[in-house]
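Working notes for the structure below.
The values are calculated or read from the model by the stated rules, or taken from the named source; none is laboratory data. Being a predicted model, the structure only gives us computed values, none of them experimental. Reconstructed Cβ throughout: ideal geometry from the backbone, glycine too, with neighbour counts over all protein chains shown. The protein model used for the area step is the full one, side chains on, heavy atoms only, and it has no ligands, DNA or RNA in it. Shrake-Rupley method; radii C 1.70, N 1.55, O 1.52, S 1.80 Å.
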Amino acid sequence: MEDSYIYAIVALLPLAAVMLTVQVNPYNALVIRGILGGVAALVYAVLGAADVALTEALVGTMLAITLYAVAVRSSLIMRVGVLKDECKDEWINEHRDECKHELIQADDLHPFAQLITHLSMIAKKYHLRLELIPYGDPQSLQQALMEKEVHITCIPNSCVERSHENEQLRPPDATPEYHTVTRIRRLYDILQTELTSLTPSSIPSPPPSPPSPITGVTYVMVQDLGEKH
Amino acid sequence: MDMILIAMILALLIPIYEAWQNEDIWQKMLAFASIATKTSVMILVVSVLQGDRMIGTVGVIILSVGNAGLMLLAHVIKRLNDAPNERQL
């Protein structure tokens, strides 16, 4: 047991542990946890504890990582309720491609696509996953928010007051075009900070007009019904 | 024989550095796979050095079963990128 390589192998364990603790993204941290499990199994086997090494490799690396990956995936999510007629397949796919290639020009996009681009940038910053859930009309959207099916809702201001036919009669740029309602205090703080303060930094050239916030944010208190999660 | 193990430890540092520096999740997964395989082979080498059949058996089991966790994690991460389309319309 007095071989010199044992010290080098044991020194790998705190190295992997420090790597794990400095991770910010939870998914990256899960992968590093797997690396830590592999190194730990090696250390245990070298020190002679074969049963501990086997348990670490099977339970610590395989089972724990899988369970944590499912837990992180289902909890770090931001469900956005939108109207169905706003949510067309073509431009969402287009928007996803543009998002991947970092070629977002703020002026060229439809306002709703612009809004979703902002939201997905915010979600990416906080390691959240954005999920769009379409609803038929504003009433069912509001009910879904109250029943805790979605976390935030995005409604055009034209839908709040009147029907779509009068949309052209509204004076442009008077108010934000969309109205965002959230029921989670932390999301409200994040959205308030991110949406109203500045345009995202990945947009290369700022538009000549001063950037107005595309949506207003409102926080609503939802009563806890008890039977829902 | 100790020099072989020292060289393998040095080779193990390469994917560890890669997993630390590269922010891409798939590069991290590649480094994870590399480290998992390297550590299992090192367990086998140590078992030969110490003449311990029990450690060798554990090394074989870790080498053959250990990548299953990697595959499960890769499936979950892969579905993350497709997820926004799942419940749309």
Counting only the heavy atoms of the protein chains, how much of B:I9 is accessible to a 1.4 Å probe, in Å² to the nearest 10? 10 Å²
Counting pairs of alpha carbon atoms under 8 Å apart in space and at least six apart in sequence, what relative contact order in percent does chain B give? 23 percent
For the range B:9-18, in order, what is each residue's ³J(HN,Hα) by Karplus, 6.51 cos²θ - 1.76 cosθ + 1.60 with θ = phi - 60°, in whole Hz (x at glycine and Pro)? 5, 4, 5, 5, 5, 5, x, 5, 4, 5
Residue-ordered couplings for the range A:8-18, obtained by feeding phi - 60° into the Karplus form 6.51 cos²θ - 1.76 cosθ + 1.60 and rounding to whole Hz (Gly and Pro as x), are 5, 5, 5, 5, 5, 5, x, 5, 5, 5, 5
Scan around A:T218 for amide H atoms under 5 Å from its own, H built in the peptide plane at 1.01 Å from N, and keep only partners 5 or more places away or cross-chain. A:T180, A:V181, A:T182
May I ask you to derive the FRET efficiency for A:M146 and B:I14 from their Cβ-Cβ distance with R0 = 51 Å, giving the value to the nearest 0.05? 0.40
Pairs A:K84/B:K28; A:K125/B:K38; A:K84/A:K124; A:K148/B:K28: which exceed 27 Å Cα-Cα? A:K84/B:K28; A:K125/B:K38; A:K148/B:K28
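Is chain B best put as rounded, prolate or oblate by its Cα gyration tensor, with a ≥ b ≥ c the root eigenvalues, rounded for a/c under 1.5, and otherwise prolate when a/b is larger than b/c, oblate when not?
Judged from the Cα gyration tensor, chain B comes out oblate (a/c at least 1.5, b/c at or above a/b).
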